[in-house]
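Chemist: Structure provided below as structure tokens; questions to follow.
Derivation of every value follows stated rules applied to the coordinates shown; laboratory data play no part. Given the structure is predicted, the values throughout are model-derived calculations rather than measurements. Glycine gets a Cβ as well: all are built from the backbone with ideal geometry, and neighbour counts include every protein chain shown.
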Amino acid sequence: MSKDIKETFWKALADSPYVMVGLTGERMHHVPMNAQLDKDANSAFWFFTSTDNRLVPGGPAMAQFSAKGHDLFACISGTLRAETDRAVLDRLWSNGVEAWYEGGKDDPKLVLLRFDLDDAEIWTADPGIKGIFKLMTGMTMKEGELGDHAEVAL
């Protein structure tokens, strides 16, 4: 099951790459970020941001994700650090990113953060016909009738 749920997670994240990210142990609210995915890197994703973003110091972090259709949820742990490889910045750069940075790739406020993924808890919400019937009639749900849950290494 965990391989299937991992694949489902990556597909859902590619379809809607928006996550809420915060530094572990900080009392500041998490911030919405647009994850930049690399199909060849399944243990990291990146965020373009500016030097004044509260995530820039890096360190242990958590990200929360909800799929477009609210049929998959994930809490992801990992480590944020500055990405210094210019080739990665060039590969992930797009017109959509450029719109945020007046100086383009050389904007002095531009920071590329890499989120190295450790593990995640992933939940799917797909009740199936039996689960839908139970929900509609108020019958007692049993574990697994609403969806799957897995703790996975990413």
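Chemist: Expressed as a rounded percentage, what relative contact order does the range 80-127 have, with Cα pairs under 8 Å and six or more residues apart?
Modeler: Contact order relative to length: 51 percent.
Chemist: Assuming a ≥ b ≥ c are the square roots of the Cα gyration tensor eigenvalues, decide whether the range 1-70 counts as rounded (a/c under 1.5), prolate (otherwise, with a/b larger than b/c) or oblate.
Modeler: Since a/c reaches 1.5 and a/b is larger than b/c, the shape of the range 1-70 is classed as prolate.
Chemist: Then there's this: Can you compute the label reach from Asn95? Point 7 Å from Cα along the Cβ direction, backbone N cut-off under 17 Å, restricted to the range 103-125.
Modeler: 104-105
Chemist: Provide the gained length on full extension for the span Ser77 to His29, in nm with one decimal, where the gain is 0.36 nm per separating residue minus the Cα-Cα distance.
Modeler: Computed gain between Ser77 and His29 is 15.7 nm.
Chemist: Quick one: net charge of Ile76's neighbours, Cβ under 9 Å, K/R +1, D/E -1?
Modeler: Result for the neighbourhood of Ile76: -3.
Chemist: Let me ask you something else. Within the range 1-100, which trypsin sites (Lys or Arg not before Pro) sit in a loop by DSSP and count at most 14 neighbouring Cβ atoms inside 10 Å?
Modeler: Arg27, Lys39, Arg54, Lys68
Chemist: First check a/c for the range 1-135, with a ≥ b ≥ c the square roots of the eigenvalues of its C-alpha gyration tensor; if it is under 1.5, answer rounded, and if not, answer prolate when a/b is larger than b/c or oblate otherwise.
Modeler: prolate
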